[in-house]
Structures are given as C-alpha cells and as structure tokens.
1. Going by C-beta contacts inside 10 Å, put 457, 141 in order with the fewest on the left.
2. Please compute the modelled spin-label separation between residue 237 and residue 440, points set 7 Å along Cα→Cβ, answer in nm with one decimal.
3. Find the relative contact order for the range 166-386 and round it to a whole percent, using C-alpha pairs within less than 8 Å whose residues are 6+ positions apart.
4. How far is helix 202-213 tilted off the main Cα axis of the chain, in degrees rounded to 10, range 0 to 90?
5. Output the relative contact order of the chain, whole-number percent, from Cα pairs under 8 angstrom with separation of 6+ residues.
6. Pull up the DSSP beta bridges for the chain and report the antiparallel fraction as a percent, rounded to 5.
7. Taking Cα atoms, how many degrees apart are the long axis of helix 340-349 and the longest axis of the chain, rounded to 10 and kept between 0 and 90?
8. So what's the Cα pair-distance distribution over the chain, bin width 10 Å, in %?
Amino acid sequence: MLSIASSYGSEISFPETTGSDNGILIITAEKLKDAWLPFAHWKTSTGRPTKIITVRAIEQAYKGRDIQDKIRHCVLSHADSGKTQWVILGGDSSPHLPLVPDRDSKHSVFGGRINYNDIPSDSYYVSSKSWDTNQDGVYGEWTKDRDSLAYTHDNIFIGRIPVRVTEDVEAYTQKIISYESNYPSDHFADTLLYTGTVEASFPKLRTSWNEISTHWEGKGLHYFSNATPWDKEKPGDYALSTPNLIYKLNSKSYSKLHIHGHGFLPVWQLEGKHSFTAKNVREMTNKDAYLCLTTVSCFTGEFDSDLDPSITESMLRQPEAGAVIAITPSREGLPIFHDPANDLKKMVTEGKMDGTTSLMTSFWKNGLSSSAISAGEAFHLAKKEMTPDALIHSGYHWCLSELNFLGDPSIDLRPTPPHTPSLNIEAKENSLTLSSDIQQTATITIWQPGAFYQTKEINSGKELSFQLPENFKLNSPYSVSITGPNINAIVKNYSPAKNK
Ligand SMILES: [Ca+2]
Ligand SMILES: [Ca+2]
C-alpha cells in the first residue's frame, strides 16, 4: 500500500472525481508533509478523501491578520465547500516550535484567581467568528470578545495530533490503521474503565457513569477507591497504582479510560502517591488494542508547552502502544459551576457535575451511542451542548477553550466489537464484481490514484458490479475497500506491475 502512496508524487489531494462529502483536511508543517502521505493514503483508500496542506502554503494563499487567522479562513473555506468533514492539525505547537500554531486565548476564572493569556484553543479554527470583538489582538477575552465566540461548526470537526517528528507520524499512522482495520473483535470494545482517586469526586463520577450507561450497553468498570469490582478480597486491596494500571492496560482489558485524579504536565498522579509517566508509557504493550481516554488531571494535556512531551502526548506518540484519542486539560481541570457557593457542596453530596465532567460525560455519551458518530463529532456535539453556558459564564468559556481534541477526529469510539467482513473481487474488462458476507450498511471505495475514485453505500453483501470508466486501467495499481460503522476495514490493493 505504501508503495502506491510514494509512487505518484509528494502531494495527495482530494481525488478530483469524488462527489463525497466526508473528506479530511490535514494541516501540517513543511517538514512533516511527506510523513503524512501514508496516513492520507489510508484514509483516502477507505472512503475519506484526504488533502494535505502546509502552514506555509496557507500563509501564502489565504488572507488574515496572522497565521492563525489564515488557518481559520482555510478551514472555513473547506467547511463551505461541503466536501470536508474533519480537520486534523497535524503537528505540535509551542512557543519555540509552532509546527501547527495554536491560537492563544485569554482567561480569568475562579473569581480572578486563575489567569492565563495563552490557553491553546483549537476550537477557534472552526469558528465563523473572530474571537476578537474589540480587535486588540487579544483573543477570547470573555469580557471584551464575548460577541465573537463560537466553538463549533456544524460541517466540520477538528482534532490535533501533536506530533513533532516523522517517527511520531509513522507510529500514529500505524496505530490508526490498526484501530480501523484490526480492532479486537472480542469484548475489548465493551469496556470503559471509569476511575478516580479523589474521594470528593466519587458521587459526580457515579452521576456521570449513570448518564453514559443510559446510552451504551458496554460495561463501565468503576473503580472508585474502596468501592470497586477489581478488588480481590476486601474493598481497597487492589489500588489504582502504577503497576496495577499498567498490568490492566497491557492485558488489553479496557478500550476506554477515564481518570478523575490529579496530575501535572508529564504525570498522572495515582493512588498511594504513585506516578504514571513517560517511562511507564514505554512499558505498555497494548499493541492493536489502543485506548481512547479522557482525564480531568491538571496540565496533562498541555501540548503547547516548550516542555515536551506531556503525558497525553507520550500516550499518543508511543509506537505500538498507548492511546489514539485523548481529551485532557491543557491547564487546570477546575470544577466549574454556575453557582460555586452551592454547587460545590452539591458536587460532593449529590454528585452534581462540574463543567469539565459534564463535557467529558457528553463526549462519551454521544460517541458511544452509535458507531456511526465519529469521535470528532462526539466532541463537537458536547461542545455545542455547552455553548449556551459559555456565553453566560466565563468558566464554561474556559472549559470549551482549554479542552482540545487530541488525536484523529475521524475515527469512532468503537462502542461495540467490530465485525471483520470478507471481500472478494473479480475484475473483468470494464467492470469489477465484488462480493462480501457483510449484512449491514457499509461503504465500498474504489480508487485508482490519478484516474478514478468512487465510493458507494451498500446495505448488504449481495453481489455488486461496478462499471469502470474508460480511463480506469486494470493493469495499473488500484485499491478496493469496504468500510463502515462497526466493522474492521478491509483494503485490497492491486499492483499488477509488481506481480509480473
Ligand atoms: Ca480582544
Ligand atoms: Ca507538545
């Protein structure tokens, strides 16, 4: 497959013949442009035509006050075209290494006790508004720029893959191909480890879990300190310690993970003063069983620091282990409430959920309700639900600004174990005849780079014939794939020249 990618030039663009509306736009740095080709090739061959554009090209081609404004206009023009559904910011950002720069927004929350001028807010890139009402070059300042805030766009879902070097892109690409084509077909998909180390949070974690479980039939394996199903003999005897967590993750027992606990940039703080760091990520062996995760741990999603990597980035970048999606705070994971004086008490006694917990609950609830909803769309829906709160309360504005989707927004959360279909292809003079044992909605994609691209929805695997146009050459390389919600993608590559 990779040989095809490299055989037709250094740029992949939407195949011109496609009428499909589910394209992916990757925005990346010049030095990572070629590294993204195999990822773009995989997505294109599986029905999501992918285009790579560099920050430098955007700088030259789009108007705007600065590079972030130009990137935003680039994203919006792709959203308007109706062909792009996902935007991937394919690079890390920090003051000294802005591969794909972030937009810094200004915040003052918790009664003015917590102040930042540099909250990285990727939501800005899908906003049809400027985030700068008073045009002073300070963005997202709630008191001054409130009229110019939007966090979501109905046509387009965004995520950032905070990679720095070619090897990061290669490792991440391999994990995504595995996630989409080789996902475990056993009950791995059904398990969400929902855990916490902070006792005051247990009631709201139960509220959160109850909301998710009304939309999902999977098992939530609560582990709330001394009330837990994984204890051995007495409550609390199996701690959320580093070795225990690594053991559980390496046993490929959990596909989804939520941790409610403390942390800082490179560390999750577990029970008994245990730390989980990049060193522990390197001990992970969950090959082909990659995690989707959320945590409320402070600073663990601070991808935009010159200190690198954050623990979240370690999980995403680790080859053949770790995670593929992470939503984690870029700064403090504060308990935001409309009425803190009363609501904080209710959080501890009645399990009232704060802003961060609500947003993450909504993310899981939306993403686990259907395998037809991409993880990027699930986060979009969660942010959209919270937008009315953010327009009347600076704390919720903080939540929507500081929580970014890290990972590939076009994959789904795998709510149920996927089926791996068969796919047989018979090529004749000017037609392809396919057959499959598939018994559900799926998409067939036929692609001959530079010549032909077609996607077609099917409802079952009854025999399918594709008439091929004159410019399709059966003696040139092409691929045929079957993809869809809740199935492991099958891609068959034909490379006749190679077979001679
Ligand atoms: Ca401003
Ligand atoms: Ca970083």
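We did not get these values from a lab; they are worked out from the coordinates using the rules stated. Predicted model, so just to flag it, every value in this text is computed and none were measured. Please note: Cβ atoms are built from the backbone with ideal geometry, for glycine as well, and neighbour counts cover all protein chains shown.
1. With the sparsest Cβ surroundings first, the list reads 457, 141.
2. Taking the two extended label points, one gets 4.1 nm.
3. Relative contact order of the range 166-386: 22 percent.
4. The two axes meet at around 30 degrees.
5. Relative contact order of the chain: 15 percent.
6. Restricted to the chain, the bridges split so that about 55 percent are antiparallel.
7. Orientation of helix 340-349: about 80 degrees from the principal axis.
8. In whole percents, the pair-distance histogram is 4, 20, 30, 25, 14, 5, 1, 0.
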